[in-house]
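Remarks on the structure that follows.
The values are calculated or read from the model by the stated rules, or taken from the named source; none is laboratory data. Everything numeric in this text was worked out from a predicted model, so none of it was measured. Methodologically, a virtual Cβ is constructed for each residue, glycine included, from the backbone with ideal geometry; neighbour enumeration extends over all protein chains shown. Just so you know, the surface numbers come from the protein's heavy atoms only, side chains and all, with ligands and any DNA or RNA stripped out. Shrake-Rupley method; radii C 1.70, N 1.55, O 1.52, S 1.80 Å.
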Amino acid sequence: TSSLLNFTLRRLALAALVAITVSIIAFFLVRISGDLATALAGEEASAEDIAEIRRLYGLDRPVFVQYLDWLGRALQGDFGKSLFFPETVWQLVASRLPTTLTLAAFGLVISLLIGIPFGVIAALRPNSWIDRLAMTVAVAGQAIPTFWMGLMLMVVFSLMLGWTPISGNDTWAHFILPAVTLGYYSTPPIMRLTRSGMLEVLSADYIRTAYAKGLHPMPVLFKHALRNAVIPVVALASVQFGHMLSGAIVIESVFAMQGIGYLAWEAILRNDIAVIQAILLIVCMFYIGLTFISDLLNAWLDPRIRVQ
């Protein structure tokens with residue numbers, strides 16, 4: 001118990017340092033492209049207008065003071081007001097976030113349901129036709145662009161067959177094609193990692209000993225082999241979920257889903273600085289949190305990790 005507590009505290013401190021670093025990057029990244037006051041005022045604005053914008057938004061203060069002020073307000077959920085939307089930034093993000101989280105969750109479930117079974121079967125029959133089929137599926141998943149696959153699924157299942165809605169996010173049926181597209185793209189790394197983990201575990205001495213004792217193959221496979229082989233998959237799944245949150249902008253654009261990915265695209269096009277900063281920070285915080293949780297799960301599954 002003490003080793004797990006120490007491991008948790010170390011990972012929590014590391015997560016806090018990463019969060020601080022991300023907040024600094026989120027604040028300064030939008031300032032790299034140029035003067036914010038000029039960008040907000042417009043290309044045809046006069047020097048007086050730019051100076052007024054700089055004073056109005058506090059851009060005339062030292063940058064470090066601006067960062068501390070922005071971070072203090074962000075910790076309280078105040079990300080300011082959008083330049084183009086009537087809502088506040090937090091209201092915008094809060095209204096769009098459930099759509100992206102739902103899409104990413106469905107996509108992760110699909111990738112796990114495909115990747116883990118295919119990886120296990122491929123490991124049980126290495127170099128067989130099913131192993132080659134699994135690797136073909138993995139290569140195709142990473143080679144096919146997500147926007148192209150989304151469009152093809154839309155043409156076949158929405159336009160030709162009429163089984164699913166074409167676009168939007170009003171009902172659960174609207175999430176089927178986007179989730180399949182997003183999940184299939186994340187399936188290959190999960191499949192390959194499961195396969196390699198199972199191959200390594202199945203060749204271990206304790207697995208051969210279990211078979212030598214006459215244990216039934218199914219308990220050996222699922223209770224002993226898969227539990228150890230799936231440890232790195234837990235960490236990978238959290239990383240893939242973070243990738244889905246940040247990469248949903250393409251899928252949401254193709255299927256016209258009103259999530260934070262599409263909101264980020266709109267904010268970039270309109271140079272809505274406050275919205276861009278908020279989305280970047282919130283998505284990164286989700287990513288950090290998921291990584292922290294996956295570390296704890298791995299430490300619980302494999303006590304050897306706690307001493308690292």
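I'd like to check one number: the per residue accessible area of the range 242-284, probe 1.4 Å, reported in Å² as a whole number.
32
Run the quick spin-label model on Ala13 and Ile293: label points 7 Å from Cα toward the beta carbon, then report their separation in nm to one decimal.
Going from the Ala13 label point to the Ile293 one covers 2.5 nm.
Give me the extension gain from Leu133 to Ser203: residue separation times 0.36 nm, minus the current Cα-Cα distance, reported in nm with one decimal.
Length gained between Leu133 and Ser203: 22.9 nm.
Using a basic spin-label model with each label point 7 Å from the Cα along Cα→Cβ, how many nm lie between Ala212 and Gln76?
6.7
Among 97-103, 81-87, 156-162, how do they line up from the highest to the lowest mean number of other beta-carbon atoms within 10 Å?
Details: 97-103: 20.4, 81-87: 14.4, 156-162: 11.9.
Going by the mean number of other Cβ atoms within 10 Å, highest first, we get 97-103, 81-87, 156-162.
Test of understanding: what is the full-extension gain from Trp172 to Ala256, defined as 0.36 nm times their sequence separation minus their Cα-Cα distance?
Gain on stretching Trp172 to Ala256: 28.8 nm.
Report the gain in length on full extension from Leu269 to Val109: 0.36 nm times residue separation, minus Cα-Cα distance, nm rounded to one decimal.
Gain in length upon complete extension: 54.4 nm.
Taking a probe of 1.4 Å, how large is the accessible area per residue of the range 74-197, in Å²?
52
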